[in-house]
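The values are calculated or read from the model by the stated rules, or taken from the named source; none is laboratory data. The structure displayed is predicted, hence computed values, not measured ones. With ideal geometry, Cβ positions are generated from the backbone for all residues, glycine too; neighbour counts draw on all protein chains shown. Ligands, DNA and RNA are excluded from the accessible area calculation, which covers all protein heavy atoms including side chains. Shrake-Rupley method; radii C 1.70, N 1.55, O 1.52, S 1.80 Å.
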Amino acid sequence: ACITFGTNFAALTESPGALALPPYSLSALLIGVTFLSDGISGLVGSPLGGWVSDIASAKHPSVPEARLVHNTLCTLVAMPAGLLMFGWSLQHGAHLALIIVAQVLIGWACALCLAGVFGFLTTMKQTAAAAAAAMVQTLMFVSAGILIIVSSVVARAVGYGAWFSALGGLQLLAAAAAYLQIKRRLAAYAANIDSSSSSRCGVGAESPPGPGVHSLTA
């Protein structure tokens, strides 16, 4: 969540400087309008993220991490793709529509991820959900601040394409690690269920006790 939120803010803060220069030469008003793409995608992504998180939780109620499985997968695919498109579109002065599409992917993936994370926190920390959410938000904004500062230097040194490719790779690694961990947790739970079912079937298949056992019981 921290990396996803931070990279989203890094993209948002880098776009005004790039869009104010040729070949775009947008006014401050039009640059502000382009920010709507991130906001609207978040407006769609947040309820969608909550919905798919609830569906996964209902399917695996005994595994709290299940809330994150679909959200993490979507973030794993959409966030790196959006960052790559955003960086290289700015680098080569591509059509403005490509930059807006990239911002939509980034904002949508971020909103989807955060909906799952906060749903998971509420499940795990029911008596301290507000404190847990506050801690995560603090870390998110610290991450965003660091990445904004670093982006302002590195993007101008190596170019938008290379920098946002690096951020996309970081996002890919973080999301892939999280997704694999969640899948392992689900697989372990499924294995435990199968083992328990097999044990119950084995007990049921045993031969009934002999007469001596009955007499002892009586």
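The figures follow:
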| read-out | value |
| --- | --- |
| Subset of the range 12-32 [hydroxyl-bearing (Ser, Thr, Tyr) and in contact (Cβ under 8 Å) with a residue 60 or more places away in the chain] | Thr13, Ser15, Tyr24 |
| Residue count for the range 115-129, restricted to those that are outside any loop (DSSP other than H, G, I, E, B) and either without any contact (Cβ under 8 Å) to a residue 12 or more places away in the chain or of a type in the set (Ser, Thr, Tyr) (or both) | 3 |
| Yes/no for Ala187 being under 16 Å from the mean Cα position of the chain (by Cα) and assigned to a helix (DSSP H, G or I) | no |
| Criterion: in a helix (DSSP H, G or I), buried (at least 21 other Cβ atoms within 10 Å of the Cβ) and charged (D, E, K, R) - qualifying residue of Asp54, Asp38 | Asp38 |
| Residue pairs meeting the criteria (Cβ under 6 Å; at least 6 apart or on separate chains; first within 16 Å of Leu170 (Cβ to Cβ), in the range 130-156; second assigned to a helix (DSSP H, G or I) and of a type in the set (S, T, N, Q)) | Ile148/Thr13 |
| Search result, residues across the range 57-72 that are open to solvent by 70 Å² or more (accessible area, probe 1.4 Å) and either in contact with a strand residue (DSSP E or B) (Cβ under 8 Å, 6 or more places away or on another chain) or touching a residue at least 60 places away in the same chain (Cβ under 8 Å) (or both) | none |
| Pairs with Cβ under 7 Å, 6+ apart, first in the range 93-114 and outside any helix (DSSP H, G or I), second modelled with pLDDT under 95 and open to solvent by 50 Å² or more (accessible area, probe 1.4 Å) | Gly93/Pro23 |
| Candidate set: the range 8-35, residues that are of a type in the set (S, T, N, Q) and surrounded by 14 or more Cβ atoms within 10 Å (Cβ to Cβ); chosen: the one nearest to Ser143 (Cα to Cα) | Asn8 |
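Here's the yes/no breakdown for (1) open to solvent by less than 40 Å² (accessible area, probe 1.4 Å); (2) within 21 Å of Ala56 (Cβ to Cβ); (3) over 17 Å from the mean Cα position of the chain (by Cα):
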site	(1), (2), (3)
Gln91	no, no, yes
Leu98	no, no, yes
Val101	no, no, yes
Ala115	yes, yes, no
Gly169	yes, no, no
Ile182	yes, yes, no
